[in-house]
Structures are given as structure tokens and as C-alpha cells.
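To start, the structure under review is shown below, and the notes come after it.
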Amino acid sequence: MLWVLRYLWALPVTLLGLVIALVARGSGGTLQRVEGVLEAAGGWPAWVLRRGFPFSGTVAAITLGHVVLGVSSGALTATRAHERAHVRQFERWGALLLVLYPLAGLLAWVRGGNPYRDNLFEREARAAEVAERDAPGH
């Protein structure tokens, strides 16, 4: 039952991600479901990710609730542990993460750090990547 609440809590952002995933599919991208998360590779969103964002620059993938948008299938595979950490963040914070994430970047910048690299949410996702990589069997 708890999984239902996690999906519902993140649903507003997931719906936004779903719309963008459908745009990806309609513009030549692919969709697949992996571990309860919809992954979209390629298409128009990939073009946007390759152009980058103000503080992060180009990114291989981005998470919106239970949807991950990536530049390619390979990028989705390579960033899966990192992006799953962001999925868990959306499950924890819901749509509030859309406000908390940029605030964490602003706080990092005010403290003299990089708004993307030193963002609390990105540090948590990188730690999940390391834990996945260092887990037995990898």
C-alpha cells in the first residue's frame, strides 16, 4: 500500500514527465518501463538535454517523478542508479521538489559552491551511484 502513496505523492510531476515522454515518442524517441519507472530516450527532449540548462549545462538524463528522460537508451542505462535516487526524492518530496531543488542550488551557490554539483539533491544522487557501483556483484 505504501508504494501507491509514493506514486500518488509524485503524480503531479509524473504527469508532466509523461507528457514530455509522449512528445519524445512522437518525435522519434522510444519508451520503456524499467522497475516501475517510465524511461524515454531520444526525440525532442533529447535535443533539449543536449543543449543544457543554465546551471548544470548538458545532462544525459533528467527525472520528473516516475519518468526519466534521457538523450539515448545508453544514457538511461548509464545513469539509472543516479536517476533512481531522484525518483526516490520525488517520492519523498512530491511536487515540492520542483521548488526545493533550485533552492538547494541557490544555497550551494551562496555558500560559494556550484549550484549543480554541490546541490544537496545531486550529491545524494551521486552517493547512490557510488553505492550501486560498489555493491557486491558489480
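Read the figures in this text as sums done on the coordinates, not as results from a lab. Just so it is clear, the structure is predicted and the values come from calculations on it, not from any experiment. All Cβ positions, even for glycine, are placed from backbone atoms using ideal geometry, and neighbour counts span all protein chains on display.
Counting only complete DSSP H runs, which helices of the chain cover 18 Å or more along their long axis at the Cα atoms and score a mean Kyte-Doolittle of -1.0 or above?
2-26, 97-110, 120-134
By how many nm would the segment from A135 to L120 lengthen if fully extended, with 0.36 nm per residue of separation less the alpha-carbon distance?
3.2 nm
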Candidates for semi-axes √(5λ) of the Cα gyration tensor in Å are (i) 22, 18, 17; (ii) 19, 19, 17; (iii) 24, 19, 14, and the calculated one carries label (i)
Long-range amide H contacts for H66: which residues qualify at under 5 Å (H placed 1.01 Å from N, peptide plane, sequence gap of 5 or more or a different chain)? T14
If you take every residue apart from L38 with its C-beta less than 12 Å away from the C-beta of L38, what net charge results, scoring Lys and Arg +1 and Asp and Glu -1? -1
12 Å beta-carbon shell around S72, net charge (K/R +1, D/E -1): 0
